[in-house]
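Notes to accompany the following structure.
The values are calculated or read from the model by the stated rules, or taken from the named source; none is laboratory data. These figures come from a predicted structure and were not determined experimentally. Cβ coordinates were reconstructed from backbone atoms using ideal geometry, including for glycine residues, and neighbour counts include every protein chain displayed.
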Amino acid sequence: MAKLKTGRHTSALKAARQALRRASHNHGINKNIKQVTKEYAAAVKTGDAAKTTELLSKAASTLDKAAKKGTIHWKTAARRKSRMAKMTAKKA
């Protein structure tokens, strides 16, 4: 790709494209985290121990995958998982 006459550099244009792609990807992952967390919170509210345990496992997996990909910090994922596990133990 040749340089543009407007003064923009090709590397800046590529960085902008990458940033959009990454933001879109991270948005999808964060949306999935929020969805799983809401499902878990609803299960805790109803008091269904079996479903809560199952959703805790699903939520922990989702958080771990997000941390692995760098969407969220690994300590953030660990803190959220810990709080969920504590809620599950309290309800059981």
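The residues of the range 36-68 that are closer than 20 Å to residue 23 by Cβ and either among the hydrophobic types (A, V, I, L, M, F, W, C) or at pLDDT below 95 (or both), listed by number, are 63, 66, 67. Exactly one residue among 31, 38, 45, 14 is loosely packed, with under 15 Cβ neighbours inside 10 Å and within 10 Å of the chain's Cα centre (by Cα), and that residue is 31.
Close Cβ contacts (under 9 Å, 6 or more residues apart or on different chains) running from residues in the range 2-18 that are modelled with pLDDT under 85 to residues that are among the hydrophobic types (A, V, I, L, M, F, W, C) and not in a helix (DSSP H, G or I) comprise 10/1; 10/2; 10/4.
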